[in-house]
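Student: Sharing a structure with you now.
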Amino acid sequence: MATEESTIDPERVYRLPDLIDAAESTNPDTRIEWEKARQAALGVGLARSEYLPTISAVALGGYRRTWLQVPAGNKSSLTLSPSDSPGVSFPLPGSRHVGIDSFDLLPFLAIRWQVLDFGRSAGVEAAEYASVAANVTFTGAHQRVVFDVTRAYLRLSAARAQTAVARDALDRTRRIAKSAKARKERGLATTVEVVEARREVAQGDYGLMQAQAAEVAVYTALLATLGVDPLTKLNVATTLSRDLPERLDGSVDSYLHAALRTRPDLQAALATRSSAQAMVAKSQATFLPRMGLTGTAGAGWLGAKAAGAPWETATLPSVGAMMTFEWTLFDFGVREAQTEIARSRSNEAEQVVEKLQRQATQEVVATYDEVNANLARYRAASSLERSAAVAEDAVTKSYANGLSTLTDMLSAQKTRSLASAGKEQAFSEALISATGLVFASGQLGSADAVPDLRK
């Protein structure tokens with residue numbers, strides 16, 4: 001909550017670029033994908049670390065008590081040592097049954113280096129492609145946020161326009177009802193006409209309440225898209241309708257080429273396919289030998305004594321090196337199964353790429369056609385609104401002169417209101433579909449990429 005309060009300024013008027021900036025800092029989807037990209041980048045470092053040696057500190061220790069039979073009159077000593085190394089000597093007492101206590105502590109440093117491993121390079125390659133996939137997935141999440149915020153913003157503008165249309169329709173209906181009442185007082189209208197006018201006023205008031213409720217719902221959806229608390233007070237600017245072009249300027253082929261070249265989900269699938277292919281090579285490398293080098297340096301601290309005698313100790317420095325050669329010849333088919341799984345994942349990734357290519361093509365073509373259809377719809381709705389306004393003015397004058405009925409007046413008013421509402425809805429859907437086309441082609445990187453479709 002503190003982060004949201006510091007990000008959102010209730011006194012500021014937020015336009016679309018401001019809303020997108022706010023969403024990028026508060027929307028959880030972008031933060032989730034960012035963390036995944038960080039994890040993938042760290043995975044590349046882990047894969048490369050297999051080329052480097054490891055150094056560790058190791059300590060071994062133990063305590064033992066044993067019993068020996070010593071021949072009578074024997075005054076010799078006993079030497080204890082690890083393997084063939086020098087050890088610690090201590091005198092033996094004259095008794096026949098002697099208890100021997102001993103301990104050893106062996107601290108040392110060990111360095112291990114995998115000199116030869118044919119699967120390391122493939123592992124690094126797989127990690128690098130996985131990092132690329134995570135990065136473009138983050139880009140895709142960012143573009144999704146830009147699209148969702150733009151769509152929610154345009155829907156809010158459309159809802160506000162619908163509220164304004166409903167309010168204007170209610171005002172005109174009230175004027176009609178007032179005129180009908182005045183005409184009745186002069187004996188030019190009937191009670192039925194007055195009651196009918198009042199009914200239309202009530203209907204208009206109900207329509208306004210519906211439009212306001214829809215506006216609140218769309219506003220709440222915008223807050224959810226931003227990822228902020230639904231109780232946040234946000235002052236959002238409104239996009240007003242304007243003239244739009246008859247058709248899109250660019251061809252569908254240009255959008256298709258852009259989608260196949262830059263669309264994030266497709267680029268991520270291509271990187272995932274390359275990573276899966278590298279994992280096949282890594283699995284195949286398990287059939288080859290590996291070679292490592294191990295070096296140690298340390299000292300052993302040994303101690304021993306016979307029962308009743310003082311401790312005798314010795315310190316033994318040691319340095320060693322060892323070369324290991326490992327070649328797994330038989331493992332009951334484990335490596336074959338792992339390699340087959342890797343091949344299957346590679347085939348799966350290939351199918352995903354082909355699927356996304358077809359899906360991208362279908363989405364771009366469908367959205368392109370939808371934009372042009374919405375532009376044509378907006379053009380028709382604008383023409384209908386102009387005609388309805390002219391018709392309403394004519395009927396109003398005719399009604400004032402007693403040449404038209406109240407029913408004609410109310411019908412003309414309704415037709416104009418419906419035409420205005422249809423025009424505002426068509427304007428919003430034209431901009432949303434145009435934004436969807438840019439998003440489907442993988443080019444919706446920021447608020448600057450949102451099309452305004454100015455004529």
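Student: Of the residues in region 233-261, how many are within 22 Å of residue 30 (Cβ to Cβ) and out of contact with any helix residue (DSSP H, G or I) (no Cβ under 9 Å at 6 or more places or on another chain)?
Tutor: Qualifying residue count, region 233-261: 0.
Student: Next question. Would it be correct to say that residue 122 is modelled with pLDDT of 85 or more, surrounded by 13 or more Cβ atoms within 10 Å (Cβ to Cβ) and part of a helix (DSSP H, G or I)?
Tutor: On the way: modelled with pLDDT of 85 or more: yes; surrounded by 13 or more Cβ atoms within 10 Å (Cβ to Cβ): yes; part of a helix (DSSP H, G or I): yes.
Yes, satisfied.
Student: Of all residues in region 333-382, which are over 30 Å from residue 431 (Cα atoms), of a type in the set (Gly, Ala, Ser) and under 25 Å from the mean Cα position of the chain (by Cα)?
Tutor: 346, 349
Student: Let me ask something additional. Would you be able to tell me the number of residues in region 417-441 that are closer than 13 Å to residue 169 by Cβ and touching a residue at least 60 places away in the same chain (Cβ under 8 Å)?
Tutor: 4
Matching residues to (1) among the small types (Gly, Ala, Ser); (2) farther than 22 Å from residue 149 by Cα; (3) open to solvent by 40 Å² or more (accessible area, probe 1.4 Å); (4) not in a loop (DSSP other than H, G, I, E, B):
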{"residue": "228", "(1), (2), (3), (4)": "no, no, no, no"}
{"residue": "232", "(1), (2), (3), (4)": "no, no, no, no"}
{"residue": "238", "(1), (2), (3), (4)": "no, no, yes, no"}
{"residue": "256", "(1), (2), (3), (4)": "no, yes, no, yes"}
{"residue": "259", "(1), (2), (3), (4)": "yes, no, no, yes"}
{"residue": "265", "(1), (2), (3), (4)": "no, no, yes, yes"}
{"residue": "268", "(1), (2), (3), (4)": "yes, yes, no, yes"}
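Student: Another question about this same structure. Name the residue, out of 299, 306, that is hydrophobic (A, V, I, L, M, F, W, C) and buried (at least 17 other Cβ atoms within 10 Å of the Cβ). Give the derivation first.
Tutor: Details: 299 fails: buried (at least 17 other Cβ atoms within 10 Å of the Cβ).
So the residue among 299, 306 that is hydrophobic (A, V, I, L, M, F, W, C) and buried (at least 17 other Cβ atoms within 10 Å of the Cβ) is 306.
Student: How many residues does region 386-410 contain that are more than 15 Å from residue 173 (Cβ to Cβ) and open to solvent by 40 Å² or more (accessible area, probe 1.4 Å)?
Tutor: 12
Student: Right, here's the next one. With the requirement that a residue be open to solvent by less than 50 Å² (accessible area, probe 1.4 Å) and in contact with a strand residue (DSSP E or B) (Cβ under 6 Å, 6 or more places away or on another chain), what does region 273-295 give you? So that I can check it myself, show each step before the final result.
Tutor: The first filter runs over region 273-295 and keeps only residues open to solvent by less than 50 Å² (accessible area, probe 1.4 Å), leaving 274-276, 278, 280-281, 283, 285, 289, 292, 294-295.
If the condition is that a residue be open to solvent by less than 50 Å² (accessible area, probe 1.4 Å) and in contact with a strand residue (DSSP E or B) (Cβ under 6 Å, 6 or more places away or on another chain), then 292, 294, 295 are the ones that fit.
Student: Identify the single condition in (1) more than 43 Å from the chain's Cα centre (by Cα); (2) open to solvent by less than 60 Å² (accessible area, probe 1.4 Å); (3) modelled with pLDDT of 90 or more that residue 156 does not satisfy, given that it satisfies every other one.
Tutor: Evaluating residue 156 over (1) more than 43 Å from the chain's Cα centre (by Cα); (2) open to solvent by less than 60 Å² (accessible area, probe 1.4 Å); (3) modelled with pLDDT of 90 or more leaves (1) as the failure.
Student: Would you mind finding the one in 195, 201 that is closer than 16 Å to residue 407 by Cβ, part of a helix (DSSP H, G or I) and more than 55 Å from the chain's Cα centre (by Cα)? Reasoning before the result, please.
Tutor: Details: 201 fails: more than 55 Å from the chain's Cα centre (by Cα).
Among 195, 201, only 195 is closer than 16 Å to residue 407 by Cβ, part of a helix (DSSP H, G or I) and more than 55 Å from the chain's Cα centre (by Cα).
Student: Mind listing whichever residues of region 393-407 are part of a helix (DSSP H, G or I), closer than 15 Å to residue 179 by Cα and not basic (Lys, Arg)? It would help to see each step written out before you state the result.
Tutor: Kept after step one, since they are part of a helix (DSSP H, G or I), are these residues of region 393-407: 393-400, 406-407.
With the extra rule that they be closer than 15 Å to residue 179 by Cα, the set shrinks to 393, 395-400, 406-407.
Within region 393-407, 393, 395, 396, 398, 399, 400, 406, 407 meet the criteria.
Student: Taking residue 354 as the residue in question, decide whether it is of a type in the set (Asp, Glu), in a helix (DSSP H, G or I) and open to solvent by less than 20 Å² (accessible area, probe 1.4 Å). Walk me through it before giving the result.
Tutor: Numbers: of a type in the set (Asp, Glu): yes; in a helix (DSSP H, G or I): yes; open to solvent by less than 20 Å² (accessible area, probe 1.4 Å): no.
So residue 354 fails the test.
Student: Can you find, within region 309-336, the residue that is farthest from residue 107 (Cα to Cα) among those that are open to solvent by less than 50 Å² (accessible area, probe 1.4 Å) and not in a strand (DSSP E or B)?
Tutor: Narrowing region 309-336 to residues open to solvent by less than 50 Å² (accessible area, probe 1.4 Å): 309, 314, 316, 320, 331, 333, 335.
With not in a strand (DSSP E or B) added as a condition, the list becomes 309, 331, 333, 335.
Numbers: 309: 27, 331: 35, 333: 40, 335: 37 Å.
So, considering only residues that are open to solvent by less than 50 Å² (accessible area, probe 1.4 Å) and not in a strand (DSSP E or B), the one farthest from residue 107 (Cα to Cα) is 333.
Student: Here is a list of conditions, (1) more than 22 Å from residue 425 (Cα to Cα); (2) out of contact with any helix residue (DSSP H, G or I) (no Cβ under 7 Å at 6 or more places or on another chain); (3) free of Cβ contacts under 8 Å to residues at least 40 places away in the same chain, and residue 230 meets all of them except one; can you say which number that is?
Tutor: Here residue 230 clears every test but (2).
Student: From the list 109, 80, 105, which residue is at pLDDT below 70, open to solvent by 40 Å² or more (accessible area, probe 1.4 Å) and either closer than 16 Å to residue 314 by Cβ or within 60 Å of the chain's Cα centre (by Cα) (or both)? Lay out the reasoning, then the answer.
Tutor: Working: 109 fails: at pLDDT below 70; 105 fails: at pLDDT below 70.
When all the criteria are applied, what remains is 80.
Student: Something else: Given the criteria open to solvent by 30 Å² or more (accessible area, probe 1.4 Å), part of a helix (DSSP H, G or I) and at pLDDT 95 or above, does residue 363 qualify?
Tutor: Details: open to solvent by 30 Å² or more (accessible area, probe 1.4 Å): yes; part of a helix (DSSP H, G or I): yes; at pLDDT 95 or above: yes.
Yes, satisfied.
Student: Here's something else I'd like to know. Test of understanding: among 340, 348, which residue is free of Cβ contacts under 8 Å to residues at least 24 places away in the same chain, in contact with a helix residue (DSSP H, G or I) (Cβ under 9 Å, 6 or more places away or on another chain) and either more than 30 Å from residue 113 (Cα to Cα) or open to solvent by 60 Å² or more (accessible area, probe 1.4 Å) (or both)? I'd like the intermediate steps shown before the answer.
Tutor: Numbers: 348 fails: free of Cβ contacts under 8 Å to residues at least 24 places away in the same chain.
Every option except 340 fails the conditions.
Student: Go through region 124-172 and report how many residues are of a type in the set (A, V, I, L, M) and touching a Phe, Trp or Tyr at 6+ places or on another chain (Cβ under 7 Å). Even if it seems obvious, please write down each step before you answer.
Tutor: Here is the first cut: in region 124-172, the ones of a type in the set (A, V, I, L, M) are 124, 126-127, 130, 132-134, 136, 141, 145-146, 149, 152, 154, 156, 158-159, 161, 164-166, 169-170.
Checking the rest, the ones that are also touching a Phe, Trp or Tyr at 6+ places or on another chain (Cβ under 7 Å) come to 156.
Total meeting the criteria: 1.
Student: Does any residue of region 245-256 turn out to be under 41 Å from the mean Cα position of the chain (by Cα) and closer than 30 Å to residue 59 by Cβ? Full working, then the answer.
Tutor: In the first step, residues of region 245-256 are kept if they are under 41 Å from the mean Cα position of the chain (by Cα); the result is 245-256.
Applying the additional criterion that residues be closer than 30 Å to residue 59 by Cβ yields none.
Scanning region 245-256, I find no residue that is under 41 Å from the mean Cα position of the chain (by Cα) and closer than 30 Å to residue 59 by Cβ, so the answer is no.
The values are calculated or read from the model by the stated rules, or taken from the named source; none is laboratory data. Here the structure is a predicted model, which means the values were calculated and not measured. Cβ coordinates were reconstructed from backbone atoms using ideal geometry, including for glycine residues, and neighbour counts include every protein chain displayed. Areas reflect the complete protein model, heavy atoms only, side chains present, ligands, DNA and RNA absent. Shrake-Rupley method; radii C 1.70, N 1.55, O 1.52, S 1.80 Å.
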